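Take a look at the structure set out below.
Coordinate-derived values only; no laboratory data. None of the values given here were measured: they were computed from a predicted structure. Note that each Cβ is placed from the backbone with ideal geometry, even for glycine, and that neighbours are counted across all protein chains shown.
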């Protein structure tokens, strides 16, 4: 017995409302972040991640209120990503009750931001999100590149080198999303997750492509991830977190009940 | 009205701790975030959460006058240390090139040795030790009331406390081949490595126990 592998539901928030049709039974307001967070907490979610997808900067302040409201009622770790570009963004989210922030694009454009953030706030609250796509051709050794803008823009940066560099800069955890798998429901890119997890000494969260509960277990057993993140399979009410943990436990993975 | 004061030295995320305490506090409790040393000294109970690097933390505690508040409170009122709020209570930490602590407990704060291997699977364990791990009480303490053995709490840390006097160890947690001290207690002081404010039911129970202690 010892440290449990974590299951992290991810919620997309637009102007203070959860989007992508969360579909719980008997929920009064399917867009209310507090109510949804409470449901996941009751089901045994180990952490929650909120991704702010608000396009207009005016509405960004609403995310702070969302975090405050959730942190006042749900006592598990909260991570906030999306639009974290400045030290002030981090300070506001942590003060609102977030435990970690996830930095993505801003890290690519200004890697020193990760260094500054981890030195100031501590590595424990700095997650670096890496969106990667396989760029090697059939027959070549596997190679992945970091992409931005939802997988549309290549950066020319090797994903494994980038992961190591971000850890050197103080990232306390890496959120690795396969842009090839995201939305496909075919499972994580296991070689990608495993290669990064074996290359660094901080926890890795696998993300992108979950379609079945077996995929979550695969992420831990074959992808060597310390945590698995999923959105749609939980949101649409197909599966509960508890069912996911049962599948993982049946395959010998330690989980928190 | 009784007050519990959370020590604010300008670094930690105190929102979570204060919200969790408010959540479990009876009406006769007032939860305050304390920046003024003289007011904190008047509180009935003290919570000292810490985050970040220990060198920076000790420097700020001295600059803000909180070091004196802590030293004083350690000797005379119910005191709950969280995370770095536990580590700073020892004599010395290996972190930040070597940092002197409050020496409430004789001992050293050590970094997890690498590589740290899982004794069963042989796989390499990550540092920081991050996530939900089990805590085993070594003796019955009022703060463990209603918390089953092996309950999981949320941890995030790369260093652990190694006190000289093993009788101070109130709880242990396994990581790799280590059984590290995840809680220390003596007299009016209880300090834990994990984050009860982020540990759902078990954590809230511990915080409630602290207010009732």
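Worth pointing out:
- Spherically averaged projected area in nm², based on the convex hull that wraps the Cα atoms of the stretch A:137-232: 6.3
- FRET efficiency estimate (nearest 0.05) - Cβ-Cβ, residue B:96 to residue B:42, R0 45 angstrom: 0.90
- Euclidean distance between Cα centres, the stretch B:169-212 to the stretch B:1-27, Å: 17
- Distance between the stretch B:67-92 and the stretch A:161-181 - C-alpha centres, whole angstrom: 36
- Tilt relative to chain B, helix B:14-24 - C-alpha long axis, 0 to 90 degrees, to 10: 80
- Descending principal axes extents, the stretch A:77-120, alpha-carbon based, whole Å: 26, 19, 16
- Degrees between helix B:66-76 axis and first principal axis of chain B (Cα, 0 to 90, nearest 10): 90
- The protein assembly as shown: equivalent-ellipsoid semi-axes (sqrt of 5 x gyration tensor eigenvalues, Cα, Å): 35, 24, 22
- Considering only A:168, A:189, A:180, the mean-square fluctuation computed in a Gaussian network model of chain A, springs between alpha carbons under 10 angstrom, is largest for A:168.
- Measuring between their Cα centroids, the stretch A:208-257 and the stretch B:94-125 lie 31 Å from each other.
- Calculated Rg and Dmax of chain A using C-alpha coordinates, Å: 17.2, 52
- Theoretical gain in end-to-end length, residue A:116 to residue A:91 [0.36 nm per residue, Cα-Cα removed]: 7.7 nm
- Amide N proximity, the stretch A:54-84 versus residue A:109 label position 7 Å along Cα-to-Cβ, cut-off under 16 Å: A:54-58, A:82-84
- Relative to the dominant Cα principal axis of chain B, helix B:200-212 is inclined by about 40°.
- FRET efficiency for residue A:161 and residue A:186, using Cβ-Cβ distance with R0 set to 35 Å, rounded to 0.05: 0.85
- Of the residues A:173, A:68, A:47, the one that moves most in a GNM of chain A with alpha-carbon contacts below 10 Å is A:68.
- Choice from A:151, A:44, A:187 with maximal GNM fluctuation in chain A (Cα, 10 Å cutoff): A:151
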